[in-house]
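What follows is a single structure, written as structure tokens, with notes after it.
The values are calculated or read from the model by the stated rules, or taken from the named source; none is laboratory data. As the structure is a computational prediction, the values presented were derived from the model and not from experiment. Cβ atoms come from the backbone with ideal geometry, glycine included; neighbour counts cover every protein chain shown. Heads up: the accessible areas ignore ligands, DNA and RNA and are worked out on the full protein's heavy atoms, side chains in. Shrake-Rupley method; radii C 1.70, N 1.55, O 1.52, S 1.80 Å.
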Amino acid sequence: PLSPAAVVGAGLGGSAAAYFLQQHFGPQVQLDVYEAAGVGGRLATVTVNKQQYESRGASIHALSLHMQDFVKILGLKHRREVAGKSAIFSGEHFVLEETDWYLLNLFRLWWHYGISFLRLQMWVEEVMEKFMRIYKYQAHGYAFSSLEELLRSLGGEAFVNMTQRSVAESLLEVGVTQRFVDDVIAAVLRSSYGQSVLVPAFAGAMSLAGAQGNTWAVEGGNKLVCSGLLKLTKANVISARVTGISLHSSEGRALYQVHYESTEGQGSAFYDMVVVTTPLHPSRSNFTFENFDPPIADFPGAFQPSVTSVVHGYLNSSYFGFPDPKLFPFTSILTTDTPNLFFHAMDNICPVNISAAFRRKQPQEAAVWRVLSQQPLGKHQLKTLFRSYYSVQVTEWQTYPRYDAAKALPPIVLHENLFYLSGVEWVASSMEMIAVAAKNVALLAYNRWHQDLEKIDQKDLMHKVKTEL
């Protein structure tokens, strides 16, 4: 039997991995979860006027089946949706404005972009439909030992290629116009990844699926999923930063020594199995692997710096061409890829606990805005966006992979029972993608531990799953 196992990181990846490991290996498995900062990782909140707001990772797609499951199991609720309109700003004017009326929006998109809009929908739908096969495979206990194998089983070589070529290239190929790519696609990718239309097609498709409006969030904050899963798993959360892992063997089996630093000093512990859910990229961690032969190679690629500023203040609507603030109709502003634009997106955000009486502030009132940018905003830039403000809370992250920098996808298996989860972000970065990867790692670990090779990297899974039903 598997005795102690360690999970490094208590963000969504770590909490989900702990939960799924326990589901498969059974309640007797001892789980230690190491976390240096705080449970929830990037799913953090900031407090303004005694109210909490999401600072990042805000929306979850309607088709996110694992996230839906977590919320159900934990007895959490969907946050009440507060309607609002969005628009795309070019730095000089709005290139596209949403109206109150869904059909009119479609008409506008048609009018401006013709059939491009439909072609985009069809392209995204086709990718999502194939991606949804993963739930069936996982329900039958199938796992994949590499990201390439996982993608191949869902969409063949075409899916693997989608991690190597840009979303712009893929969309132009299916007949979407350059203008639609520049106006609409660029704005969506800037608001989700803070990057251009050069992000890989697969990551782009996932982000565009989320932009189609059917998203939700967790009442009380998305981070409640992480703390909830860890509580449910009765995992032992150790407040420490893992500095490295060294390999030992005992009775012919691999044993991993996890080295960590905490406020009490340095320590270490031995495990049969370790899942690393924090980025192993040199710029993000100085993690060392010792006694591995062959040595565990370096992880290529870089991360995109991104800054979230949560500002409580009065919007300067005249910068957006609305001299009378009362008439400013938008709660969410996306931007095109224009050299002089210093922010990626901004939205008027609601607290994580929304009462039934809650209403959005009128545009002329002080409200809480979340501004996403690549660099911290200077005083002059804040004064451009806001007539005046009470407070600014800045979080700097290295959130997303710099997608143009990567060529090969990172490995999942680092050693016999040593697994890496964060590499999935190089395919696409979303809460559900991380949950899918966590389930895959748990199944992979389980199937390898029990030498059940029939359940790993199987070809023609669609057929196998149909005959098993």
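Against the list (1) open to solvent by 10 Å² or more (accessible area, probe 1.4 Å); (2) over 17 Å from Ser192 (Cα atoms); (3) touching a Phe, Trp or Tyr at 6+ places or on another chain (Cβ under 8 Å); (4) not β-branched (Val, Ile, Thr), the condition Phe386 fails is (1).
Annotation: of all residues in region 274-294 being without any contact (Cβ under 8 Å) to a residue 60 or more places away in the chain and among the hydroxyl-bearing types (Ser, Thr, Tyr), the one that is nearest to Leu414 (Cα to Cα) is Thr288. Can we say Gly252 is open to solvent by less than 30 Å² (accessible area, probe 1.4 Å), among the small types (Gly, Ala, Ser) and over 27 Å from the mean Cα position of the chain (by Cα)? No, not satisfied. The residues in region 70-79 that are open to solvent by 70 Å² or more (accessible area, probe 1.4 Å) and either under 14 Å from Ile434 (Cα atoms) or among the charged types (D, E, K, R) (or both) can be counted, and the count is 2. Determine if region 40-49 includes at least one residue that is touching a strand residue (DSSP E or B) at 6+ places or on another chain (Cβ under 6 Å), over 24 Å from Glu425 (Cα atoms) and surrounded by fewer than 21 Cβ atoms within 10 Å (Cβ to Cβ). Yes, region 40-49 contains a residue that is touching a strand residue (DSSP E or B) at 6+ places or on another chain (Cβ under 6 Å), over 24 Å from Glu425 (Cα atoms) and surrounded by fewer than 21 Cβ atoms within 10 Å (Cβ to Cβ). Only residues that are open to solvent by 10 Å² or more (accessible area, probe 1.4 Å) and either without any contact (Cβ under 8 Å) to a residue 12 or more places away in the chain or not hydrophobic (A, V, I, L, M, F, W, C) (or both) were counted in region 430-446, giving 4.
Against the condition open to solvent by 30 Å² or more (accessible area, probe 1.4 Å), of a type in the set (Val, Ile, Thr) and under 30 Å from Ile88 (Cα atoms), how does Thr243 come out, does it pass? Break it down into steps so the answer makes sense when it comes.
Details: open to solvent by 30 Å² or more (accessible area, probe 1.4 Å): yes; of a type in the set (Val, Ile, Thr): yes; under 30 Å from Ile88 (Cα atoms): no.
It is false that Thr243 is open to solvent by 30 Å² or more (accessible area, probe 1.4 Å), of a type in the set (Val, Ile, Thr) and under 30 Å from Ile88 (Cα atoms).
Of the numbered criteria (1) more than 18 Å from Ala235 (Cβ to Cβ); (2) touching a helix residue (DSSP H, G or I) at 6+ places or on another chain (Cβ under 8 Å), the one Glu35 fails is (1).
The set of residues in region 110-142 being open to solvent by 30 Å² or more (accessible area, probe 1.4 Å) and more than 22 Å from Ala158 (Cα to Cα) consists of Trp110, Trp111, His112, Ile115, Ala139, His140.
Of all the numbered requirements in (1) surrounded by fewer than 19 Cβ atoms within 10 Å (Cβ to Cβ); (2) farther than 30 Å from Ala158 by Cβ; (3) at pLDDT 95 or above; (4) not small (Gly, Ala, Ser), Lys361 misses one, and that requirement is (3). Can you name the condition, by its number, that Ile333 falls short on among (1) open to solvent by 30 Å² or more (accessible area, probe 1.4 Å); (2) more than 30 Å from Gln164 (Cβ to Cβ); (3) under 22 Å from the mean Cα position of the chain (by Cα)? Every condition holds for Ile333 apart from (1). One residue stands out in region 454-469 among those that are open to solvent by 10 Å² or more (accessible area, probe 1.4 Å), at pLDDT below 95 and among the hydrophobic types (A, V, I, L, M, F, W, C): the one that is nearest to the chain's Cα centre (by Cα), namely Met462. Of the residues making up region 300-325, those that are open to solvent by less than 40 Å² (accessible area, probe 1.4 Å), hydroxyl-bearing (Ser, Thr, Tyr) and touching a Pro at 6+ places or on another chain (Cβ under 9 Å) are Ser309, Ser317.
Of all residue pairs spaced 6 or more apart or on separate chains, those with beta-carbon atoms under 7 Å, a first member in region 96-109 that is open to solvent by less than 80 Å² (accessible area, probe 1.4 Å) and a second member that is part of a loop (DSSP other than H, G, I, E, B) and not charged (D, E, K, R) are Asn105/Thr99. Is it fair to say Arg165 is farther than 22 Å from Tyr193 by Cα, open to solvent by 30 Å² or more (accessible area, probe 1.4 Å) and among the basic types (Lys, Arg)? Here the answer is no, as Arg165 does not meet what is asked.
If the condition is being open to solvent by 30 Å² or more (accessible area, probe 1.4 Å) and at pLDDT 90 or above, then region 80-93 contributes Lys85, Ser86, Glu92, His93. Residue check: Gln52 meets all listed conditions (1) closer than 30 Å to Tyr390 by Cα; (2) open to solvent by less than 40 Å² (accessible area, probe 1.4 Å); (3) in a strand (DSSP E or B); (4) not aliphatic (A, V, I, L, M) but one, namely (2). One residue alone among Phe328, Phe342, Phe287 is of a type outside the set (Ser, Thr, Tyr), farther than 22 Å from Gln375 by Cα and open to solvent by 20 Å² or more (accessible area, probe 1.4 Å), and that residue is Phe287.
Residues satisfying the criterion are present in region 6-18 (criterion: over 17 Å from Tyr271 (Cβ atoms), part of a loop (DSSP other than H, G, I, E, B) and open to solvent by less than 40 Å² (accessible area, probe 1.4 Å)).
Quickly run through region 344-368 and pick out the residues that are closer than 20 Å to Asn222 by Cα and not small (Gly, Ala, Ser). Met346, Asp347, Asn348, Ile349, Cys350, Pro351, Val352, Asn353, Ile354, Phe358, Val368, listed by residue number.
Evaluated against (1) among the aromatic types (Phe, Trp, Tyr); (2) open to solvent by less than 20 Å² (accessible area, probe 1.4 Å); (3) within 26 Å of Val275 (Cα to Cα), Trp449 falls short on exactly one condition, (2).
Let's see how each residue does on (1) in a helix (DSSP H, G or I); (2) open to solvent by 30 Å² or more (accessible area, probe 1.4 Å); (3) farther than 26 Å from Ala37 by Cβ; (4) at pLDDT below 95:
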residue	(1), (2), (3), (4)
Pro376	no, yes, no, no
Leu382	yes, no, yes, no
Thr395	no, yes, no, yes
Thr399	no, no, no, yes
Lys407	no, yes, yes, yes
